[in-house]
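The numbers here are math on the coordinates, done by the rules we state, and not lab data. This is a predicted model, so every value here is computed, not measured. Note that we place each Cβ from the backbone using ideal geometry, even for glycine, and neighbour counts take in every protein chain shown.
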């Protein structure tokens, strides 16, 4: 597959993530990854109503595609013992994909978890060590 074809596959995945659906992704994502995403999609629907995701940057080389994404939504509770709030949040992250034979075979994500927790009103306190 060409770099442009790989980028188009990743765009389709991000569009599906924006809609919180896996519909049609079995054609372009290996089953092991889809099974993992299925759990995340179901959880996100309940936890982050109004969830949105969009690509802000994309870089590709060979069989690898990196995207920077912006996400946003509401918060209905159920994450890390943080009570539900009416908070609207936004976040940024980076996602890495490796493709083979027209399918995503590897996927990883890094998001600003600390910033996300703070936007939801969580109190982030450093852990105490035995020396303190």
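Specify, per residue and in Å³, the volume enclosed by the convex hull of the alpha carbon atoms belonging to segment 3-119.
Numbers: hull volume 10.8 nm³, N = 117.
Cα convex hull per residue, to the nearest whole number: 92 Å³.
Identify the residues of segment 67-101 with backbone N under 17 Å of a label point that sits 7 angstrom from the Cα of residue 2 along the Cα-to-Cβ direction, or state none.
So the set is 101.
Taking 8 Å as the Cα distance limit and 6 or more residues as the minimum spacing, I'd like the relative contact order of segment 3-119 as a percentage. Spell out each step's value before the answer.
Details: 206 pairs, mean separation 28.0, N = 117.
That works out to 24 percent.
Using helices alone, I'd like the mean residue ellipticity at 222 nm for the chain: each DSSP H run of four-plus residues gives -39500 (n - 2.57), total over residue count, nearest 500.
Details: 3 runs with 41 residues, N = 132.
Rounded to the nearest 500, it is -10000 deg cm²/dmol.
Can you put 34, 114, 25 in order, fewest other beta carbons within 10 Å first?
114, 34, 25
Report, in whole Å, the centroid distance computed from the Cα atoms of segment 8-42 and segment 85-106.
10
Does anyone have the angle between helix 3-19 and the longest principal axis of the chain? Alpha-carbon axes, 0 to 90°, nearest 10?
Orientation of helix 3-19: about 40 degrees from the principal axis.
Just to be sure I understand: if I project the alpha-carbon convex hull of segment 54-132 onto a plane and average over all orientations, what area do I get in nm²? If you can, show how the numbers build up before the last one.
Values: hull surface 32.0 nm².
Spelled out: convex hull of the Cα atoms, projected over all directions, averaged, 8.0 nm².
Hey, fewest Cβ within 10 Å first, where do 3, 67, 125, 59 land in order? Each step should come with its number before you reach the end.
Values: 3 15, 67 23, 125 6, 59 11.
With the sparsest Cβ surroundings first, the list reads 125, 59, 3, 67.
Going by alpha carbons, how many degrees (0 to 90, nearest 10) lie between the helix axis of 31-47 and the longest principal axis of the chain?
40
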